[in-house]
Amino acid sequence: MLLRRKIRRDSVSVAGLSIFDPVHLGVYEDGYRADIELIYRQIILGGEPGAGKSGTLNNVVAHGALSPDVSLWLLDGKQVELGLWREVADVFVGPDIDYALTVLEHLQSEMDRRYAELERVRRRKIEATDPIDVIMLVIDELALFSATMGSKEQQEQFVRLLRDLVARGRAAGVIVVAATQRPSADIIPTSLRDLFGYRLAFRCTTDSSSDIILGRGWSSLGYNAATIGPNERGVGYLLAEGDTPRRMKSAYLTDAHIYALVEHAQEIRTRNAA
């Protein structure tokens, strides 16, 4: 569900956060906090280069890093966007399609193993009290893996594996966070986009690109990311499950903020592992 809260001072306890806590993305234009419950859900972000997509991506990764009940699996074809979080990631993949496919196959096997265990104990999903980490798979620049690197067969295999993880992963504790600066139908097929419960569109070059992220027809109803000004970095339309897109401004983390958060996350994870 989408949470509506007035802005307040944020803090992270010495015990850290939890993936079962709301994830803070920024603020809506009416002053309410843009918080989402990401557990049992997936999110896709898109927009032209420089629109602010990476800022929101870092907010989500920061929450995962500060949550000792999260295992971070990061795929970054450019290496530099998610690379700052590398020290707290359990898995990090750079511009290597072979390794990326191996990681997705391993995650698919882990998902199947978890479902087998849930069936054995007659449960439908993992809970906060289960002694198992939620896996947050974060993919920055989806197009590099699905349409640029490797052979056509490898690209198609990547999309097939990703679609399965998005479709079946939620109840097994697999959260997919995907981002692209090329919101087009060949990068984000409708069959894949519609599996994401949350969709966030930053400035796009065309109405159709905005609809690729949010869903067909939203631009004609006035929810059009192509109308966001070029200087409105970090502004986008957030669509939650069964809701209407809402205009929001993403919170921004500088490199210095991220380095400090990585250090704090390492302390939290070390303390919880002891």
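Side notes on the structure shown:
- Couplings 3J(HN,Hα) for region 47-55, derived from phi with the Karplus relation 6.51 cos²θ - 1.76 cosθ + 1.60 (θ = phi - 60°), are x, 5, x, x, 7, x, 4, 5, x Hz, where x marks Gly and Pro.
- Environment charge at Glu156 (Cβ cut-off 12 Å; Lys +1, Arg +1, Asp -1, Glu -1): +1
- Scattering curve values for the chain, log₁₀ I(q)/I(0), Debye with Cα scatterers, q = 0.07, 0.08, 0.16 Å⁻¹: -0.23, -0.30, -1.31
- In a reduced charge model with +1 at each Lys and Arg Cβ and -1 at each Asp and Glu Cβ, the chain shows a dipole moment near 840 debye about its Cα centre.
- Neighbours of Val121 by Cβ distance under 12 Å: Lys/Arg scored +1, Asp/Glu scored -1, total +2.
- When the chain is treated as a Gaussian network with alpha carbon springs shorter than 10 Å, the biggest mean-square fluctuation among Arg203, Arg170, Arg216 belongs to Arg216.
- The residues neighbouring Glu48, those whose beta-carbon lies less than 10 Å from its own, together hold a net charge of +3 under the Lys/Arg +1, Asp/Glu -1 convention.
- Partners of Lys249 within straight-line reach, counting aspartates and glutamates whose Cα lies under 15 Å from its Cα and excluding those fewer than 8 residues away in the same chain: Glu29, Asp30, Asp35, Glu232.
- C-alpha center-to-center spacing [region 161-195, region 218-263] in angstrom: 19
- Of all aspartates and glutamates in the structure, those lying under 13 Å Cα to Cα from Lys78, and not within fewer than 8 positions of it along the same chain, are Asp96, Asp140, Glu141.
- Filtered chymotrypsin sites (Phe, Trp or Tyr not before Pro), region 123-199: DSSP coil and at most 10 other beta carbons within 10 Å: none
- Each of Tyr99 and Ala128 was given a label point 7 Å from its Cα along the Cα-to-Cβ line. The distance between the two points is 3.5 nm.
- GNM flexibility winner over the chain from Ser18, Ser210, Ser220 (Cα, springs under 10 Å): Ser220
- Residue with peak Gaussian network fluctuation, the chain [Cα springs, cutoff 10 Å], from Ile258, Ile139, Ile19: Ile258
Each reported figure results from applying straightforward, stated rules to the coordinates on display, with no laboratory input. Treat the numbers as computed from the prediction; the structure is a model and nothing was measured. In this analysis, Cβ positions are derived from the backbone assuming ideal geometry, glycine residues included, and neighbour counts consider all displayed protein chains.
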